[in-house]
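Written below as structure tokens is the structure these notes are about.
The values are calculated or read from the model by the stated rules, or taken from the named source; none is laboratory data. Everything numeric here is computed off the predicted structure, so don't read it as measured data. Note that each Cβ is placed from the backbone with ideal geometry, even for glycine, and that neighbours are counted across all protein chains shown. Protein only, heavy atoms only, side chains kept; ligands, DNA and RNA dropped before computing areas. Shrake-Rupley method; radii C 1.70, N 1.55, O 1.52, S 1.80 Å.
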Amino acid sequence: MTTPVIGVCAAFEPARWGFWDQQAAILPATYLDKVRTAGGLPIGLVPDPRATARPELVLDRVDGLLLIGGVDLEPDTYGAARTERTEATAPERDVFELSLARAALARDLPVLGICRGMQILNVAAGGTLHQHLTDAGFAEHRRSPGRLDSATFHEVDVVPCSLAESLSGSGVQVVNSHHHQGVDALGEGAVVTAWSIPDRLPEAIEFPSCQYALGVQWHPEVDHLQHALTAFVAVAARPAREDQPA
């Protein structure tokens, strides 16, 4: 059986380990474990200006792209101005991940975006974000900061026969959210395939023209929900399509 290589975009944050306290590329083990369990080989992708300018330097070497959670996107990436609601950002990471996401969608490389990663996918396709959900009239989606367990559980309504269904099941499902921003205007080609109950905030988007391009606002990588990344990794294991750009 082919073992697909899954490129996982790393957070780039201050970190402490051993004697050290400095900027570091961070890949939470929860994401890596879920990729391995699904049969993939995860490798870290670190922001680099050369790969930002030429995303094929990275994408030619992987079979799938995983965009993980993290800090706010810079508002200027979707044509908005900073407000007092803007929290920590990582501009170098933004431009790197947006470049990879646009190129992955264009070449039909399997891509899964989780939390911030869903927002990256939407912005990469020309969409926008709500900068603070409660200000826009939505419910609080970060009730327990720093946690992804039962304290963060809420219900979503998932469209049958969607990619989101392959990750969570269809109909009303329980997921875990930890975010204060969310999708506003949809990016080109994107459709909503899961909504939060009861505020109808988009909780999953996907791109039907692609073999697998899915973003979910919840965190399937944690063990509390037992969500598997099997479908994503299985698509990444397929031979490249003949019409896929080199």
Report for the stretch 1-79 the percent antiparallel among DSSP-assigned beta bridges with both residues inside it, nearest 5. 45 percent
Take the Cα of THR30, step 7 Å along the line toward its Cβ, and report every residue of the stretch 109-151 whose backbone nitrogen sits under 14 Å from that point. 114-117, 142-151
Quick one: work out Rg over Rh on the C-alpha atoms of the stretch 117-189, Rh as Kirkwood radius. 0.98
If R₀ is 30 angstrom, what is the calculated FRET efficiency for the pair ALA151 and GLU92, using the beta carbon separation as r and rounding to 0.05? 0.40
Net charge around PRO55, counting only other residues with Cβ within less than 13 Å of its Cβ (Lys, Arg = +1; Asp, Glu = -1)? +1
If I compute solvent accessible area with a 1.4 Å probe over the protein chains, what percent of it on the chain is carbon and sulfur? 54 percent
Can you give the Kirkwood hydrodynamic radius for the stretch 82-148, in Å, rounded to one decimal and based on Cα pairs? 13.6 Å
Report the normalised scattering of the stretch 131-246 as log10 I(q)/I(0) at q = 0.18, 0.22 Å⁻¹, calculated by the Debye formula with identical scatterers on the alpha carbons. -0.94, -1.29
Write down the radius of gyration of the stretch 46-129 and its Dmax, each obtained from C-alpha positions, in Å. 12.4, 40
Which peptide among 103-112, 205-214 comes first, and what is the full order, when sorted by highest mean count of other Cβ atoms within 10 Å? 103-112, 205-214
With just the Cα atoms defining each centre, how far is the stretch 129-186 from the stretch 27-93? Give it in Å. 20 Å
Taking Cα pairs under 8 Å and at least six residues apart, what relative contact order does the chain come out at, in percent? 20 percent
quick note, the stretch 1-139, DSSP beta bridge pairs, % antiparallel (nearest 5) is 35 percent
So for the chain, using the alpha carbon gyration tensor with a ≥ b ≥ c as root eigenvalues (a/c under 1.5 gives rounded; past that, a/b versus b/c decides prolate or oblate), I'd call it rounded
Indicate, rounded to the nearest 5 percent, the antiparallel portion of the DSSP beta bridges found entirely in the chain. 60 percent
The stretch 4-99, relative contact order [Cα under 8 Å, separation at least 6], %: 34 percent
Please give the FRET efficiency for ARG16 paired with SER209, using the beta carbon to beta carbon distance and R0 = 45 Å, rounded to the nearest 0.05. 0.55
Determine, from the Cβ-Cβ distance of SER144 and ARG61 and an R0 of 35 Å, the FRET efficiency 1/(1 + (r/R0)^6), rounded to the nearest 0.05. 0.40
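Mean projection of the alpha-carbon convex hull of the stretch 1-94 over all orientations, in nm²?
Answer in nm², one decimal: 8.1.
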Long-range amide H partners of LEU45, meaning residues 5 or more apart or on another chain whose placed amide H is closer than 5 Å, are VAL8, CYS9, ALA10
Leaving out ligands and nucleic acids, and using a 1.4 Å probe, what accessible area per residue does the stretch 62-111 come to in Å²? 36 Å²
